[in-house]
Amino acid sequence: MSDYKMPEVKIGDRVFFRAHDGAEPVMSFVTQASSRTITLWSVVPGYGGIEKTSVHHKDDPGFADFPCSKETGMWEAFPEDSRLAILSERVSLLEKKIAAIAPKKG
């Protein structure tokens, strides 16, 4: 039996989902967590999102042993610097929207 322990996540945490090695990361939210897998809501621009179930962490040593791993994809931590970049981008976008609306109200 493996001593592997999946990195700790909780409901609402942001993570990256990858359909396979080399795939672009997709921002996702944890909706359920068990001892070895998580369920995610992956954000799909223009569509909303899609649920991904039974997703293993990319470093899970048994990942390749699971027959459905190619179908379920993998997850990895959402880097802190990415969170800051996304927040900065959102603040900038909001400031632009406020500036565009402000003259109309005056």
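Write down the Å³ per residue value for the convex hull defined by the alpha carbon atoms of the stretch 14-78.
Cα convex hull per residue, to the nearest whole number: 80 Å³.
Can you work out ³J(HN,Hα) from phi for every residue in the stretch 55-62, in order, using Karplus 6.51 cos²θ - 1.76 cosθ + 1.60 and θ = phi - 60°, giving whole Hz and x for Gly and Pro?
8, 8, 5, 4, 9, 5, x, x
Since every read-out is calculated from the coordinates, none of them should be taken as a lab result. Worth saying up front: this structure is predicted, and the values here are computed from it rather than measured.
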